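Structure incoming, see below.
We did not get these values from a lab; they are worked out from the coordinates using the rules stated. Being a predicted model, the structure only gives us computed values, none of them experimental. Methodologically, a virtual Cβ is constructed for each residue, glycine included, from the backbone with ideal geometry; neighbour enumeration extends over all protein chains shown.
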Amino acid sequence: MTIKYYSLVEQVYHKLLEYIMDGVYTEGEKLSEETICAEFGVSRTPAREALVMLHNDGLVERFPRRGCFVKRFDVDDLRDLYQCRKILECMALEMGFDNIPRHELELLEETVEGSLSLEKPRSLDTDERMHEIIVSVCPNKHLREMIRHTVARTRPFRSWRTYSSSDIKRISEERRGIIRAILDNDRALAVKLLGEHILQGEHIFEEKNSASANDEGVAAR
């Protein structure tokens, strides 16, 4: 299994993503290549490409002759998205359970159990691989397409969860539990754990959004 190392562009992207999700960059704030270059000490090329990635994720808006601005994100929309992903991906696991290549999961389990899985870029790469193994064996091609589209829309929030988390070990344990349940041929437990794992992204974002709102309320008093 190939382990992905993150390029300079991706490093800048993840840092900008973190700042947007944490509210360092607020809704409507302009993000210019010049500002990014100065703040992170990079050239214009990685700054420009990172902005393109954020635009493709729907987190910034681009206007001709004006530049890029942080886009408002709807928390209710995120909740609906994660719930939709849970339903679809758990269905795919149910349908393709017997077709999952156990040898691939065994290799992935070794990665999850190793200390390297606690490195954030490797942790995210392992997560993407686990979900793709589950989706790829689903016999319904239309369901596979819908899941991949939904996964793509949640990717920036999954990245934020991994890169902002102080407890990568717990996230790795969630994945290990899913993998072990599949290897033990416990279909019901695997589906249950997968659903809980997916919804953790929604819960963590809601908790952070609630905490931010409370902080703003305290500051206003």
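Mind checking the full-extension length gain between residue 136 and residue 43? Use 0.36 nm per residue of separation minus the Cα-Cα distance, one decimal, nm.
29.7 nm
Shifting gears a bit: My understanding is that a pair violates if its Cα-Cα distance is over 29 Å; which of 15/86; 15/141; 120/141; 71/120; 15/169; 86/169 do that in this structure?
As for pairs spanning more than 29 Å Cα to Cα, those are 15/141; 120/141.
Here's something else I'd like to know. List 191, 24, 12, 112 from most exposed to least, where exposure is judged by having the fewest other Cβ atoms within 10 Å.
24, 191, 12, 112
What is the distance, in nm, between label points placed 7 Å from the Cα along the Cα-to-Cβ direction at residue 87 and at residue 119?
4.0
Efficiency by 1/(1 + (r/R0)^6): what FRET value for residue 11 and residue 104, r their Cβ-Cβ distance, R0 = 35 Å, to the nearest 0.05?
About 0.80, to the nearest 0.05.
Further question on the same structure: In whole Hz, what ³J(HN,Hα) sequence does segment 102-113 give by Karplus (6.51, -1.76, 1.60; θ = phi - 60°), x for Gly and Pro?
My calculation for segment 102-113 gives 4, 5, 5, 5, 4, 5, 5, 4, 4, 5, 4, 7 Hz in order.
Another question, then. Provide, for q = 0.13, 0.20, 0.21 Å⁻¹, the log10 of I(q)/I(0) from a solvent-free Debye sum over equal Cα point scatterers in segment 8-152.
Evaluating at q = 0.13, 0.20, 0.21 Å⁻¹ gives log10 I(q)/I(0) of -0.76, -1.17, -1.21.
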